[in-house]
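The values are calculated or read from the model by the stated rules, or taken from the named source; none is laboratory data. Being a predicted model, the structure only gives us computed values, none of them experimental. Note that we place each Cβ from the backbone using ideal geometry, even for glycine, and neighbour counts take in every protein chain shown.
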Amino acid sequence: MTYRFSDLVTACEGDWRTYIEHEFVRALGEGALEEEAFRHYLKQDYLFLIHFARAYALAAYKSRTLEDLRQAHEGLKAIVDLEMGLHVDYCREWGISEEDLAALPEARATMAYTRYVLDTGNRGDLLDLHVALAPCLVGYGEIANWLNGRPETVRGKGNPYDAWIAMYESDEFQAAMRAERDWLDARLADVTPARFAELTQVFRDATRLEIDFWQMGLDRAD
């Protein structure tokens, strides 16, 4: 049997839908999310990005081909040289300074997910690491698309979170999401049923931790 990324989603359908359609996401799309909940999420997402960059550095270390090494390098550069700066600028628009971000303590949900990703990558191989990261990279693109398919979603000036949706519906992010799915499809095609079962557990765990991350923002939990 040949596996694809969609098979991981099917195997974890309940958790995946709970993540994609979380109350935080719905409220954000409708412009009804409490601003303090969004600010709390933004702050913790900054810390997540730092560990996301570390994960790409780990991906470079785990790479066995020049193609994979280049991919990891480009991902690391994109986060450190571009995305971090954009996130800092966006936070500033929400009244959160770079000094505030630098002094942030990590919420437990942030620690749980980021350390799980890094631990999975350390213990496993490059595919394990990519599967652990997939709910973030693929999931955020899927969330933007899901929001745009909902009649309840408010776009434009009527929604203070419109720029967030725009970020993940952008051609650049959607292309990165498709590239990641293609990479996963190519590697999953060669795995055995037993290996696929292991990767399914990684994907399920990571998806549940992403659910906790949304809930952390909604509850403004430390």
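Checking the conditions here, which among Asp171, Asp185, Asp190 is touching a helix residue (DSSP H, G or I) at 6+ places or on another chain (Cβ under 7 Å) and at negative phi? So that I can check it myself, show each step before the final result.
Numbers: Asp171 fails: touching a helix residue (DSSP H, G or I) at 6+ places or on another chain (Cβ under 7 Å); Asp190 fails: touching a helix residue (DSSP H, G or I) at 6+ places or on another chain (Cβ under 7 Å).
After applying the criteria, what remains is Asp185.
Test Arg178 against the criterion of being surrounded by fewer than 16 Cβ atoms within 10 Å (Cβ to Cβ) and in a helix (DSSP H, G or I), and give yes or no. Explain how you work it out, then say what you get.
Values: surrounded by fewer than 16 Cβ atoms within 10 Å (Cβ to Cβ): yes; in a helix (DSSP H, G or I): yes.
When the stated conditions are applied, Arg178 passes them.
Considering only the stretch 1-14, state which residues are surrounded by fewer than 20 Cβ atoms within 10 Å (Cβ to Cβ), part of a helix (DSSP H, G or I) and either among the hydroxyl-bearing types (Ser, Thr, Tyr) or in contact (Cβ under 8 Å) with a residue 60 or more places away in the chain (or both). Show your work before the answer.
Let us first name the residues in the stretch 1-14 that are surrounded by fewer than 20 Cβ atoms within 10 Å (Cβ to Cβ), namely 1-2, 4, 6-7, 10-11, 13-14.
Those left that are additionally part of a helix (DSSP H, G or I): 6-7, 10-11, 13-14.
Within the stretch 1-14, Ser6, Asp7, Thr10, Ala11 qualify.
Looking only at helices (runs of 4 or more DSSP H) that lie completely in the stretch 48-164, which have at least 3 residues being more than 17 Å from the chain's Cα centre (by Cα) and closer than 26 Å to Asp219 by Cβ?
On the way: elements: 66-77, 84-93, 98-102, 108-123, 126-148.
By residue number, 84-93, 98-102.
Look through Gly124, Gly156, Gly149 and report the one residue that is out of contact with any helix residue (DSSP H, G or I) (no Cβ under 9 Å at 6 or more places or on another chain), surrounded by fewer than 19 Cβ atoms within 10 Å (Cβ to Cβ) and modelled with pLDDT of 95 or more. Break it down stepwise before answering.
On the way: Gly124 fails: out of contact with any helix residue (DSSP H, G or I) (no Cβ under 9 Å at 6 or more places or on another chain); Gly156 fails: out of contact with any helix residue (DSSP H, G or I) (no Cβ under 9 Å at 6 or more places or on another chain).
Going through Gly124, Gly156, Gly149 in turn, just one is out of contact with any helix residue (DSSP H, G or I) (no Cβ under 9 Å at 6 or more places or on another chain), surrounded by fewer than 19 Cβ atoms within 10 Å (Cβ to Cβ) and modelled with pLDDT of 95 or more: Gly149.
From the list Leu76, Leu28, Leu49, exactly one residue is over 19 Å from Ala176 (Cβ atoms) and among the hydrophobic types (A, V, I, L, M, F, W, C). Which is it?
Working: Leu76 fails: over 19 Å from Ala176 (Cβ atoms); Leu49 fails: over 19 Å from Ala176 (Cβ atoms).
Going through Leu76, Leu28, Leu49 in turn, just one is over 19 Å from Ala176 (Cβ atoms) and among the hydrophobic types (A, V, I, L, M, F, W, C): Leu28.
Applying the selection to the stretch 48-75, what residues are modelled with pLDDT under 90 and buried (at least 18 other Cβ atoms within 10 Å of the Cβ)? Quick ask: steps written out before the conclusion?
The first filter runs over the stretch 48-75 and keeps only residues modelled with pLDDT under 90, leaving 71, 74-75.
Hits for the stretch 48-75 are Gln71, Gly75.
Let me confirm something: among Ala132, Ala189, which residue is exposed (fewer than 13 other Cβ atoms within 10 Å of the Cβ), at pLDDT 95 or above and in contact with a Phe, Trp or Tyr (Cβ under 8 Å, 6 or more places away or on another chain)?
Working: Ala132 fails: exposed (fewer than 13 other Cβ atoms within 10 Å of the Cβ).
Only one candidate qualifies: Ala189.
Restricting attention to the stretch 2-29, report how many residues are over 17 Å from the mean Cα position of the chain (by Cα), closer than 17 Å to Phe203 by Cβ and of a type in the set (A, V, I, L, M, F, W, C).
1
For the stretch 91-99, does any single residue satisfy the condition of being at pLDDT below 95 and on the phi > 0 side of the Ramachandran plot?
Looking through the stretch 91-99, at least one residue is at pLDDT below 95 and on the phi > 0 side of the Ramachandran plot.
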